[in-house]
């Protein structure tokens, strides 16, 4: 006991023998905590994998609603803030206070930028009726029918995203009309809780749609699965991206699920970014006071680890959500 | 025992050029992963996207997160976490794909549904259409 | 042995503790605040003990409520008729009239097709009765009898609805409280917190603040959870209360299966939020244990020289780290499902209820090993100490803990054998489940071999440990029934499963917990307890437990499904036996509580090492000082008891000063 | 060995009498497990007691010596249980595969589970609340849930399968007539049927029966079931169905508003729909409301009505019954029921 007091370190807790023991404990504790973060996101990745695995067409169709450019920019922003964070840790270890302060500020700005772009994305989703939960144009539940106009608007928005060069010409009035009809059809389809019992009010096109559902329930996904390796199928799919009416009614019901998963994953990630920003702000204040130096930089290091894991999760989110092929 | 460890009090500081090199690599990989979606490779696309993401993640973990110079236990925590996420997703996905056949309507139900369509519905077009369907 | 009871605190050499060293963690600081803001792992352990045992009491009360409710099989069709016949008679009689027995029999005659003929027959009976009864007595008339019958039917339906509502909320509360608030935290949070740093010879866990935060998470989550669930029960008992504090309650079972949990009108969101917070407590404790075991081991204590309890706690912590976050995300998704209808788990929205089960059991199956692994750690310690013999097959026991921890993650699908999970996955999960039996068997055989040729002393910790082996053997072997696909189909979701998991989780964990409490009690409080009454307590708990649950194996084999508020008549006798056993078990547990309270109030000072154990927590005085050790003890083989000698005058073991030079050296080093 | 097992007709210890063809196999395995378990329990408990008696502590300072490890021993008690559990797995898996694969010539019955009851629909459209099946023929049950997860469990058949909404699980069984004493003298035998997955308030009331008939007895039962209204007027039959098909849970007859609209004075009066129109309720309106539930979207009510499988005749009877609850109802001749029944019979088997 007495001996330790000889070269007393104010940051050394009483139950540790040496600073390095304390530092290593903190690090292993942080890493174990990061493992829990990965497992937690793992649950969402699992939901993603299962629904993408069972309904690939839905994901292929719905991901067009996301803005790949904004996603890519956000990736770069987050990577850059990771760089400045790593630099900040280095500065703290070397005792370079001004650099540390600047780096923390830049990292914080990176977080602000990321959340800003995220806000732009979210608000554009919101304004097109593609929000979370039942506020999604594709949301289907008996009793809360999707508003056909809202749905048409959303579809138009998504498909103008999907095929800006190749398919713009196809969005003729006739095309739109068909979509409206389809949207109307959908309501009736959902009414039929048990399935495909016919309704006399349906137009002929809708009837054929119903037939489609019973005869080819797996829809396009099974087609894709079966003709794997057959180049022609891919050529067709490349030339003409999926449209809403390419999906069978069962799949049309599931389109909103892509958005739910998208909002859950990016939302949880966004919350982590916000928490990280709060922590970095706290570090920033302490760094201004000159708390950190070669003998005491553990908080900077740990927050850095946290910030990097947030980045690391985004590295997976980006291709999985924005770059579905 | 307490004092003897002071000699080991030494933390690896990552050189700046390493940080920049890693950052450059990450940016290049990001461009690559966006670019590769323009090329149609069939089922390979997703695996390439995931592969690039894994490489990026490894770079971040090894250099930004110092794992390369850290205690191997810390790296183990990360690896184990990913392995268990993999186990979880693997089993759940495998099961979901296998049981899809039960999600589809069984033929029995369709037959029964047909039978229970009431005969007395007067609007005749529907009945005709439905029978022409099958 | 206890002829001369010591009154004085003695150190590990049997010398009286001098005044300046008398300060211990209990007396170090005083006042409620010194407890609520303590960073001392021992005090946090004690605070956990008070909280966890209180919640155990709540869960136990509801266990008895369930067992008592199940003595009344009111769902059987023949019983329904009996109840309704009684009520019809009562209703008629309460109006002052009489009704002939024959009329009621005719009224409830099964399989009547001709209603008019029946009415005529009854009216004949009624007129006959009226004429023979004479002028004074009033015999009921037919229309009134029919009214009474309808009223009786309505009353029966109402009674049954009440019964079922209350039962469903009670079994949910019992299950959820026992799992989340008792079994999971019992051993790691109480005993683990107390002994882990002591066993490491350390002053505290690696992150004392996180440790306290974990206690607050636990208390916050637990009280909120209990409040939400309890509200439902109280509202049910006193309906006006609902206007006071709003609705609550939970009737989904502790598993929250969708889509029932997305449909029910009970407080699923609030309850899951409570469980979510509890998860944080679990994670924080686990982070602490892992970091402590990695970084705070003293010189000389290599991984394979750690006490087996530490291995068990380490394996437990690994599971908590890897599984709990998945529970967290599952609960978040469930909350989102209810609040926003996201359609991930709800089939009405295209979601997949089986996926929910994958999510839930990815946490909750490993959670079973969170419950059982530390129990095995305690038993490994106790068996060796009370046989005064080195544990047999140390490396195999240690590695089997890790093997169970890892295999435990690969078997969750065995909860879903009948759910419509694919046949392939069923086979894979079945085979891996079978494999878990191997490390479990290794442990049991090693414990037995440790006892072979030992010097066995049957004190209460040892009795509980032996009880553990018995219960775990039965629980484990019936686990093989459950893992066998063809057999599982029959017993899935029946009382066989209820019996199986009570044997494994409650029986074994509770027994090991009690073994650990009796074993470390003198160290925790520095007081001896009445060994004789503790043994009586053990006997009642052991006998009561076996009566309560063994009969449930048979009941389940006969097809009695679980979570039934009522049941058909043929299972009545088994339920009666089970309820009888549960009452014995209750008496036993109260006796144990009494022994502990008596010890706290009247117990004699206990020696530093009453059992002759050699792990490091016994190398300090009882109760330990605030900083755990006056002199950091050297790490030696924890299962080598040869240096400890019995000292009758203090009724404990003391360190043989000649044979332990290292300990003296350490003292000398530290004192200089 | 495995093929012998498939023929086994063992009575399982403490199990109910097995009635399905594969029950013998399950029971054989059950008994094997029980013998193994009893053996190990006796060995472990016996050794425990033996050691307690044989090696008591004689002096507190006893220093017993013994080996601290023995790798050969450890390997032995790793390998032996491994072999035992693997053999159990193989037998269990083999039995499970048999149970999971319905034979091709199975008789199919649609099982519809709902809160809280069972409905069984037979290939000719007849329905019942108890499951009636012929003996000596594999029965494939297709399981459909209207709301939450239920589980189809017949202890005597050793069969259980969850009824999961959004998917159609299936399983099968076959009952051997002679072995179970289903003969011409006793042409029916009843077995308990339970819901084994917790499904809410009246989970424990979701109890029904499986009635196994001789083939002849089944045929005559099915005929009767297809024509349950025999001897009843449509209104009487409708009243019976109103109770047995659980309409009464949501639709009152006395004008009070339950989960669904009341039947009292519904027919012949206008009803307000969500789309703003107010059509007069006529035959077809009622019919469509039953067959395609929620398709009208009645204002002020949640669209929660399940599509209960009904035969044409049953629908007609219910329509008539509902009409009869209104003061606008004028009874017609008895011909209607018979006519529609004929049409229904002509239609199936396309």
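The values are calculated or read from the model by the stated rules, or taken from the named source; none is laboratory data. What you see is a predicted model; the values in this text were computed from it and never measured. We place every Cβ from the backbone using ideal geometry, glycine too, and count neighbours over all the protein chains shown.
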Tell me yes or no: at least one residue of segment C:489-496 is surrounded by fewer than 24 Cβ atoms within 10 Å (Cβ to Cβ) and part of a helix (DSSP H, G or I). no
Might you check whether a residue that is outside any helix (DSSP H, G or I) and under 25 Å from the mean Cα position of the chain (by Cα) occurs anywhere in segment C:334-348? no
Taking residue C:401, is it assigned to a helix (DSSP H, G or I), in contact with a helix residue (DSSP H, G or I) (Cβ under 6 Å, 6 or more places away or on another chain), buried (at least 23 other Cβ atoms within 10 Å of the Cβ) and at the interface with chain D (Cβ under 7 Å from one of its Cβ atoms)? no
Please indicate, with yes or no, whether at least one residue in segment A:276-294 is assigned to a strand (DSSP E or B) and either modelled with pLDDT under 95 or exposed (fewer than 15 other Cβ atoms within 10 Å of the Cβ) (or both). yes
Does segment C:442-462 include one or more residues that are in contact (Cβ under 8 Å) with a residue 12 or more places away in the chain, more than 7 Å from chain D (Cβ to nearest Cβ), assigned to a helix (DSSP H, G or I) and within 23 Å of residue C:552 (Cβ to Cβ)? no
Wholly inside segment A:1-98, helices (runs of 4 or more DSSP H) that include 1 or more residues that are buried (at least 18 other Cβ atoms within 10 Å of the Cβ) are A:19-54, A:56-62, A:68-94
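Name the single residue that is farthest from the other protein chains (Cβ to nearest Cβ) among those in segment D:142-170 being in a loop (DSSP other than H, G, I, E, B) and under 17 Å from residue D:200 (Cα atoms).
D:146
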Tell me yes or no: at least one residue of segment C:48-66 is within 30 Å of the chain's Cα centre (by Cα) and part of a loop (DSSP other than H, G, I, E, B). no
Determine if segment D:66-82 includes at least one residue that is at pLDDT 90 or above, within 23 Å of residue C:489 (Cα to Cα), surrounded by fewer than 19 Cβ atoms within 10 Å (Cβ to Cβ) and facing another protein chain (nearest Cβ under 10 Å). yes
If you take just the helices (runs of 4 or more DSSP H) that sit entirely in segment C:188-270, which of them hold at least 1 residues that are surrounded by 24 or more Cβ atoms within 10 Å (Cβ to Cβ) and out of contact with any strand residue (DSSP E or B) (no Cβ under 8 Å at 6 or more places or on another chain)? C:193-199, C:208-237, C:260-263
Failed condition for residue D:223, given (1) without any contact (Cβ under 8 Å) to a residue 40 or more places away in the chain; (2) more than 25 Å from residue D:136 (Cα to Cα); (3) away from chain C (no Cβ under 13 Å), with all others met? (2)
Conditions first: (1) free of Cβ contacts under 8 Å to residues at least 40 places away in the same chain; (2) assigned to a loop (DSSP other than H, G, I, E, B). Residue D:260 passes all but one, so which condition is the exception? (1)
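Out of all the residues in segment C:371-387, which are within 15 Å of residue C:452 (Cβ to Cβ) and out of contact with any strand residue (DSSP E or B) (no Cβ under 8 Å at 6 or more places or on another chain)?
Initially, segment C:371-387 is screened for residues within 15 Å of residue C:452 (Cβ to Cβ), giving C:383-384, C:386-387.
C:383, C:384, listed by residue number.
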Looking at (1) touching a helix residue (DSSP H, G or I) at 6+ places or on another chain (Cβ under 8 Å); (2) surrounded by fewer than 24 Cβ atoms within 10 Å (Cβ to Cβ); (3) within 14 Å of another protein chain (Cβ to nearest Cβ), which is the only condition residue C:289 fails? (2)
Looking at (1) more than 13 Å from the chain's Cα centre (by Cα); (2) facing chain C (nearest Cβ under 10 Å), which is the one condition that is false for residue D:123? (2)
For the structure I just gave you, tell me whether residue C:478 is at the interface with another protein chain (Cβ under 10 Å from one of its Cβ atoms) and either surrounded by fewer than 23 Cβ atoms within 10 Å (Cβ to Cβ) or touching a residue at least 24 places away in the same chain (Cβ under 8 Å) (or both). yes
Could you check, for segment C:633-643, whether at least one of its residues is more than 28 Å from residue D:197 (Cα to Cα) and without any contact (Cβ under 8 Å) to a residue 60 or more places away in the chain? yes
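Test residue B:102 against the stated conditions and say whether it is in contact with a strand residue (DSSP E or B) (Cβ under 9 Å, 6 or more places away or on another chain) and within 13 Å of chain C (Cβ to nearest Cβ).
Values: in contact with a strand residue (DSSP E or B) (Cβ under 9 Å, 6 or more places away or on another chain): yes; within 13 Å of chain C (Cβ to nearest Cβ): yes.
So residue B:102 fits the description; yes.
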Restricting segment C:408-437 to residues that are more than 8 Å from chain B (Cβ to nearest Cβ) and in a loop (DSSP other than H, G, I, E, B), the one farthest from residue D:142 (Cα to Cα) turns out to be C:411
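Going through B:77, B:61 one at a time, which residue ends up being more than 14 Å from chain C (Cβ to nearest Cβ) and surrounded by 19 or more Cβ atoms within 10 Å (Cβ to Cβ)? Walk me through it before giving the result.
On the way: B:77 fails: more than 14 Å from chain C (Cβ to nearest Cβ).
Within the list B:77, B:61, the selection yields B:61.
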